[in-house]
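Student: This is the structure I want to talk about, given as structure tokens.
The values are calculated or read from the model by the stated rules, or taken from the named source; none is laboratory data. Since the model is a prediction, treat every value here as computed from it, not as a measurement. Please note: Cβ atoms are built from the backbone with ideal geometry, for glycine as well, and neighbour counts cover all protein chains shown. For accessibility, only protein heavy atoms count, side chains too; no ligands or nucleic acids. Shrake-Rupley method; radii C 1.70, N 1.55, O 1.52, S 1.80 Å.
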Amino acid sequence: MASSQANLEKMHLRQSYRNLWHTDIMGTMQADFPYCCLALWCGPCVSYMLRKRALYNDMSRYVCCAGYMPCSGKCGESRCPEFCLATEVFLCFGNSVASTRFLLQDEFNIQTTQCDNCIIGFMVCLQQVACIFSIVAAIVGSEELSEASQILNCMSDLVYWTVCACMQTQHKIEMDKRDGKFGPQPMAVPPVQQMSRIDKPTPPPAGYAPQPAYGQPYGGYPPPDQDDDGICTGNELIILGLYTCNGDKLYLYSNKNNMV
């Protein structure tokens, strides 16, 4: 009774989990199609491998149905855990898949999305409807109901094995993420930086070009005309520097006779 109450509390607690599966059920075929095919054609073997991997390959931690069923801990798991796990996956395949799912959800605080819940709920409801049709067809003895029940049984089996294969692929991808098989995230290459050398008196200039010193004219004014011997001729410009009221220097040009 206490274990059943604890399981009910865990079910309510899973509704408050905030993490999500790395891949939802609809995206498992695209994420890992070969493994999905393997889980479809050999579901019990995949369930065995995934449960063992979920336990970090430590079979001393194994409990039947991961402790979520009334039979858990009462099947002699401690004496022969490998045999008990093989019995579980072949005789109680659906419970083995669900137990591995609950185990991963409780370990990583993973919630099931509404889309996944709808898919799982549709699978369960279709199985229930197929079972009801089979019972009614057996009681009534109608051939039409018998054929309808067979069609529903085929559809429910197809949906059941497909959903279980996708769920097991989802578990496998989640454990790949746990074990770091996706690799580290690529880091951006830092930009090249230019560092000043010790033997240089000043670092190389960066940004704007160096400004001229105070008192020097901006731009290149033409120097006065000179002869080859360096003596000024009569047509040279005489530069007069005057200071304005705001401190700027004003340059006036003149020759011998005229002021510009």
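Student: Taking 0.36 nm per residue of separation and subtracting the Cα-Cα distance, what length does fully extending ARG18 through GLN114 add?
Tutor: Working: separation 96, 0.36 × 96 = 34.56 nm, distance 1.31 nm.
Extra length available between ARG18 and GLN114 comes to 33.2 nm.
Student: How much accessible surface area, in Å² rounded to 10, belongs to the heavy atoms of ASP176 with a 1.4 Å probe?
Tutor: Per-residue accessible area (ASP176): approximately 10 Å².
Student: State the extension gain, in nm to one decimal, for the chain segment bounded by LEU145 and SER78, taking 0.36 nm per residue of separation less the distance between their alpha-carbons.
Tutor: On the way: separation 67, 0.36 × 67 = 24.12 nm, distance 4.76 nm.
19.4 nm is the gain from fully extending LEU145 to SER78.
Student: Hey, another quick one. Go through LEU126, LEU145 and list them by solvent-accessible area, largest first, probe radius 1.4 Å.
Tutor: Values: LEU126 20, LEU145 55 Å².
Of LEU126, LEU145, the descending order of accessible area is LEU145, LEU126.
Student: Still on this model: In nm², what is the average projected area of the convex hull enclosing the Cα atoms of region 1-83? Don't skip to the answer; put the middle values down first.
Tutor: Working: hull surface 28.5 nm².
Projected area, direction-averaged: 7.1 nm².
Student: Here is a further query. Tell me which chymotrypsin sites (Phe, Trp or Tyr not before Pro) from region 55-94 have a DSSP coil assignment and no more than 15 other beta carbons within 10 Å of their own.
Tutor: Numbers: sites: TYR56, TYR62, TYR68, PHE83, PHE90, PHE93; in loops: TYR56, TYR62, TYR68.
Sites meeting the loop and neighbour criteria: TYR56.
Student: Any chance you could tell me what percent of the C-alpha pair distances in region 35-78 go past 11 Å? Each step should come with its number before you reach the end.
Tutor: Working: 640 of 946 pairs.
The proportion of pairs with Cα distances above 11 Å equals 68 percent.
Student: Go through TRP21, TRP161, TRP41 and list them by solvent-accessible area, largest first, probe radius 1.4 Å.
Tutor: On the way: TRP21 20, TRP161 95, TRP41 210 Å².
In descending accessible area the options line up as TRP41, TRP161, TRP21.
Student: Counting Lys +1, Arg +1, Asp -1, Glu -1, what net charge surrounds THR28 among other residues with beta carbon under 14 Å of its beta carbon? Numbers along the way, then the final one.
Tutor: On the way: positive: ARG101, LYS172, LYS177; negative: ASP24, ASP32, ASP116, GLU174, ASP176.
Here the count lands on -2.
Student: Hey, any idea what % of region 64-157's accessible area is carbon plus sulfur with a 1.4 Å probe?
Tutor: On the way: 3470 of 5310 Å².
Carbon with sulfur: 65 percent of the solvent-accessible area.
Student: Could you do me a favour and compute the accessible area per residue for region 1-160, 1.4 Å probe, result in Å²? Before the final figure, lay out the partial values.
Tutor: Working: 9640 Å² over 160 residues.
Per-residue accessible area for region 1-160 comes out at 60 Å².
Student: On to the next question. Can you give the net charge of the other residues whose Cβ lies under 12 Å from the Cβ of ALA137, counting K and R as +1 and D and E as -1? Walk me through the intermediate numbers first.
Tutor: Working: positive: none; negative: GLU143, GLU144, GLU147.
Combined, the nearby Lys, Arg, Asp and Glu give -3.
Student: Still on this model: With N set to the residue count of region 67-139, report its C-alpha Rg divided by 2.2 N^0.38 Å to two decimal places.
Tutor: Working: Rg = 16.1 Å, N = 73, 2.2 N^0.38 = 11.2 Å.
With N residues counted in region 67-139, Rg over 2.2 N^0.38 Å equals 1.43.
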